[in-house]
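Let me begin by presenting the structure, written as C-alpha cells, before commenting on it.
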Amino acid sequence: MTSAVQQSAFAGRARRSDDVRFIGALTGCYALSGRHSDGDEGVPVYSCRLCSISPTQAVIIAPVIAHEDEIVIIHFHDFGILRTRVERELPTGFVVEILLDDDGRDRLASKIRWKRSNLHAHIPDKREFPRFMPRNPRSVMTMGDGSRHSCFVIDISRSGAAVSAAILPGKGTPLAIGALVGRVVRRLDVGFAVQFIVEHDAKDLERMLVEPPGSFSAQIEAEAPPE
C-alpha cells in the first residue's frame, strides 16, 4: 500500500512539473561543447534568446544553429546553467531536451513558476537611448568586402546594438547590421557592440534590421571611413 501511495505521489509530482512552462523572450548565452574556435580561445560562447522553456524542453533562437543530438550548454539568468541535447533544428535556432534528473527538474520547475509570477519585475534602463530586444533578432552582417554573415542582435537602441555571430570583427571594423551602418566599438562576453554612424528613429529599427538588397560595401566604406 505504501509503495502504491508513493508511486502515485511521484507521478503526480512529475505531472505537475511537466505542466509548468514559461513562454517569453529572455536573453541568454550558449556554447556548443563539441566545437572549438581557432587559436586558444576555447569553445566560443554565443548570445541567444529563449522562446519557451519547461522542465524537459526549451526552444532557442540563435546565431549558430546546433545540429541534431549535439550537446549544448545554455545559460539564462533566471534558470541557471543547463546541459541540453538538440532534438531538432529550426530555421532560426533549435529545440533542446534538458538533461536533468528528477530533483533537477523539480528545481527548474520551481524557477519557472517564480519567473511566471514575477514576469513584470524589471530594472529601469537609465541609458540615454534605452535598448530593447527586436521581435526578430536574426539579421545579416555585411562587411566592407561585401561578405555577409548571419548574426543575432542581442538588443538595439537608436545609437547602436549588441551583436553575436560566428565571426568576431575587431574593434573599429566598419560593417552593417541589416541596413544599419556602424563600427565595432568594443568586445562583449558573447559578441561585440556596434555604434551606428547616425542615430535612427526607434520606430525604424525593426525594419532596418532586415537584410538589405544589393551591396553595402561602398556605403560602409563611405559612411564609416578609417578612424
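Which of the residues that make up segment 88-114 are within 18 Å of the chain's Cα centre (by Cα) and either in a helix (DSSP H, G or I) or surrounded by fewer than 17 Cβ atoms within 10 Å (Cβ to Cβ) (or both)? Walk me through how you get there before you give the answer.
So in segment 88-114, the residues within 18 Å of the chain's Cα centre (by Cα) come out as 88-98.
The answer is 88, 89, 90, 91, 97.
Residue by residue, here is whether (1) in the same structural domain as residue 31 (by TED's automatic domain parsing); (2) in contact with a strand residue (DSSP E or B) (Cβ under 7 Å, 6 or more places away or on another chain); (3) under 27 Å from residue 50 (Cβ atoms); (4) buried (at least 20 other Cβ atoms within 10 Å of the Cβ) holds:
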position	(1), (2), (3), (4)
144	no, yes, no, no
160	no, yes, yes, yes
178	no, yes, yes, yes
182	no, yes, yes, yes
192	no, yes, yes, yes
202	no, no, yes, no
206	no, no, yes, no
209	no, yes, yes, yes
Please identify the pairs in which a residue from segment 160-189 that is on the phi > 0 side of the Ramachandran plot has its Cβ atom under 6 Å from the Cβ atom of a residue that is surrounded by fewer than 16 Cβ atoms within 10 Å (Cβ to Cβ) and among the hydrophobic types (A, V, I, L, M, F, W, C), counting only partners at least 6 apart or on another chain.
-> 178/210
Filter segment 117-159 for residues that are basic (Lys, Arg) and at pLDDT 85 or above; the one that is nearest to the chain's Cα centre (by Cα) is 138
Restricted to segment 1-53, and to residues that are at pLDDT 60 or above and either part of a helix (DSSP H, G or I) or of a type in the set (D, E, K, R) (or both), which residue is surrounded by the most Cβ atoms within 10 Å (Cβ to Cβ)?
-> 49
Go through (1) among the hydrophobic types (A, V, I, L, M, F, W, C); (2) in contact with a Leu (Cβ under 6 Å, 6 or more places away or on another chain); (3) modelled with pLDDT under 95 one by one and return the number of the condition residue 98 breaks.
-> (3)
Select from segment 178-214 the residues that are of a type in the set (Gly, Ala, Ser) and more than 20 Å from residue 165 (Cα to Cα) and write down the one among them that is modelled with the highest pLDDT.
-> 202
Residue satisfying condition, being within 23 Å of residue 35 (Cβ to Cβ) and either hydroxyl-bearing (Ser, Thr, Tyr) or touching an Asp or Glu at 6+ places or on another chain (Cβ under 9 Å) (or both), within set 179, 162, 166 = 162
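The values are calculated or read from the model by the stated rules, or taken from the named source; none is laboratory data. All of these numbers come straight from a predicted model, not from anything done at the bench. FYI the Cβ positions are ideal-geometry reconstructions off the backbone, even for glycines, and counts take in every protein chain you see.
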